[in-house]
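Working notes for the structure below.
The values are calculated or read from the model by the stated rules, or taken from the named source; none is laboratory data. Just so you know, these numbers come straight off a predicted model, no measurement behind them. As a convention, Cβ positions derive from the backbone with ideal geometry for all residues, glycine included, and neighbour counts pool all protein chains shown.
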Amino acid sequence: MEQKSEWQNPELTEVYLNGVRGTIPGADLQLAVIGKIVDLWCASPKHILDLGCGNGILGHFLLNRFPSSNGLFVDFSDPMLDAARKKVETFPKAIVVKGDFASPQWLDVTNPLGSFDIVVSGFAIHHQPNERKRELYSEIFDLLTPGGVFLNLEHVASITQAGEELFDDFFIDHLHHFHSKSNTTANRDSIADKYYRRLDKKENILARVEDQCQWLRHIGYTDVDCFFKVFELALFGGRKASNKANSADTKSRAAD
């Protein structure tokens, strides 16, 4: 039976786009780190995939850097897809399609481009069970061109309860600051109450970034690392070895 993602709905989408996305701590630095990694590892991408694109901010960031590239934006939420279309409407090579990566059926929608030099995902995969995360990372690996890069900007698990509480307090501070700019009467306690009772919090299925990096290595990704981490917000990933590197590894093993 095909799995489906059910954690998102129009109400939650509106909250995310209008109240959460702009408050993510370190957002500018996260994009800067992604840009640096891509410049060093994949300076001339032809095909870019933004998986679980939300409002398309990661793929849009990359298309701004590489405007001649083809971009495929995939999400299962119609409101999110509408937001992504508005974000990338000035890019003629951007394609926005519906696909639910809760099951391998999402691979059917990648056919227009086939394989990708860069795959990015932002705050989407953590809703999947750990077994499905590992499967999805493997599916992404198979879609990458030799030398292709996968970067996942994600909500990850704290090692301790104290760490989780510190992150929640940190995030609520940012939410309060964001809302205070347009509403001087914004109440932190009220914002905190909404944060703890928000629709998707109980649906979060978080995994430690250290464990996820190990999954990537086991699948075959190289240069796997966590490149950015503030409490439970992490950017991690790796790349697929180039054909040249694979050939060198084969020769080395033969010599041994």
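Any idea which of F141, F150 is assigned to a strand (DSSP E or B), aromatic (F, W, Y) and touching a Gly at 6+ places or on another chain (Cβ under 8 Å)? Break it down stepwise before answering.
Numbers: F141 fails: assigned to a strand (DSSP E or B).
After ruling out the rest, the residue left standing is F150.
Residue check, P25 against (1) in a helix (DSSP H, G or I); (2) in contact with a helix residue (DSSP H, G or I) (Cβ under 7 Å, 6 or more places away or on another chain); (3) at pLDDT below 95, all met but one. Which one?
Every listed condition holds for P25 apart from (1).
Which one of these is of a type in the set (A, V, I, L, M), outside any strand (DSSP E or B) and either at pLDDT below 90 or within 15 Å of the chain's Cα centre (by Cα) (or both): L175, L235? Reasoning before the result, please.
Values: L235 fails: outside any strand (DSSP E or B).
Sole residue among the options that is of a type in the set (A, V, I, L, M), outside any strand (DSSP E or B) and either at pLDDT below 90 or within 15 Å of the chain's Cα centre (by Cα) (or both): L175.
Go through (1) at positive phi; (2) buried (at least 24 other Cβ atoms within 10 Å of the Cβ) one by one and return the number of the condition G59 breaks.
Evaluating G59 over (1) at positive phi; (2) buried (at least 24 other Cβ atoms within 10 Å of the Cβ) leaves (1) as the failure.
Could you list, in sequence order, all residues of region 84-106 that are in contact (Cβ under 8 Å) with a residue 12 or more places away in the chain, under 30 Å from L40 (Cβ atoms) and either among the small types (G, A, S) or assigned to a loop (DSSP other than H, G, I, E, B) (or both)?
Correct list: A84, F91, K93, A94, G99, F101.
Tally up the residues in region 42-80 that are without any contact (Cβ under 8 Å) to a residue 60 or more places away in the chain and either within 15 Å of F123 (Cα to Cα) or of a type in the set (V, I, T) (or both), please.
5
Just the residues that are touching a strand residue (DSSP E or B) at 6+ places or on another chain (Cβ under 8 Å), touching a residue at least 60 places away in the same chain (Cβ under 8 Å) and not in a strand (DSSP E or B), please, taken from region 107-138. Working first, answer last.
Taking region 107-138 and keeping what is touching a strand residue (DSSP E or B) at 6+ places or on another chain (Cβ under 8 Å), we get 109-110, 112-126, 137.
From what's left, touching a residue at least 60 places away in the same chain (Cβ under 8 Å): 110, 113-126, 137.
Scanning region 107-138 gives T110, L113, G114, S115, F123, A124, I125, H126, Y137.
Out of the residues in region 66-86 that are among the aromatic types (F, W, Y) and under 18 Å from the mean Cα position of the chain (by Cα), which is nearest to L143 (Cα to Cα)?
In the first step, residues of region 66-86 are kept if they are among the aromatic types (F, W, Y); the result is 66, 73, 76.
Restricting the remaining residues to those that are under 18 Å from the mean Cα position of the chain (by Cα) gives 73, 76.
Numbers: F73: 14, F76: 19 Å.
Only one residue fits best here, namely F73.
Quickly run through region 87-115 and pick out the residues that are of a type in the set (A, V, I, L, M, F, W, C) and either closer than 18 Å to I57 by Cα or touching a Gly at 6+ places or on another chain (Cβ under 6 Å) (or both).
Going through region 87-115, the residues of a type in the set (A, V, I, L, M, F, W, C) turn out to be 88, 91, 94-97, 101-102, 106-107, 109, 113.
Once the filter is applied, which keeps residues that are of a type in the set (A, V, I, L, M, F, W, C) and either closer than 18 Å to I57 by Cα or touching a Gly at 6+ places or on another chain (Cβ under 6 Å) (or both), region 87-115 yields V88, F91, A94, I95, V96, V97, W106, V109.
Output the residues belonging to region 210-227 that are in a helix (DSSP H, G or I) and loosely packed, with under 15 Cβ neighbours inside 10 Å. So that I can check it myself, show each step before the final result.
We begin by selecting, within region 210-227, every residue in a helix (DSSP H, G or I); these are 210-219.
Within region 210-227, E210, D211, Q214, R217, H218 meet the criteria.
Taking the condition surrounded by 16 or more Cβ atoms within 10 Å (Cβ to Cβ), out of contact with any His (no Cβ under 6 Å at 6 or more places or on another chain) and modelled with pLDDT under 90, does F167 pass? Walk me through it before giving the result.
On the way: surrounded by 16 or more Cβ atoms within 10 Å (Cβ to Cβ): yes; out of contact with any His (no Cβ under 6 Å at 6 or more places or on another chain): yes; modelled with pLDDT under 90: no.
Spelling it out, it is not the case that F167 is surrounded by 16 or more Cβ atoms within 10 Å (Cβ to Cβ), out of contact with any His (no Cβ under 6 Å at 6 or more places or on another chain) and modelled with pLDDT under 90.
Identify all residues within region 173-209 that are loosely packed, with under 15 Cβ neighbours inside 10 Å and of a type in the set (F, W, Y); write none if there are none.
Residue satisfying the conditions is Y196 alone.
Tell me yes or no: at least one residue of region 48-65 is more than 22 Å from A27 (Cβ to Cβ) and either not small (G, A, S) or not in a loop (DSSP other than H, G, I, E, B) (or both).
Step one: list which residues in region 48-65 are more than 22 Å from A27 (Cβ to Cβ), which gives none.
The answer is no; no qualifying residue exists.
Please find, within region 69-98, the residue that is nearest to L49 (Cα to Cα) out of those that are modelled with pLDDT under 95 and surrounded by 20 or more Cβ atoms within 10 Å (Cβ to Cβ).
D75
Please count how many residues of region 171-229 are more than 30 Å from D142 (Cα to Cα) and in contact with a Gly (Cβ under 8 Å, 6 or more places away or on another chain).
Of the residues in that region, 3 qualify.
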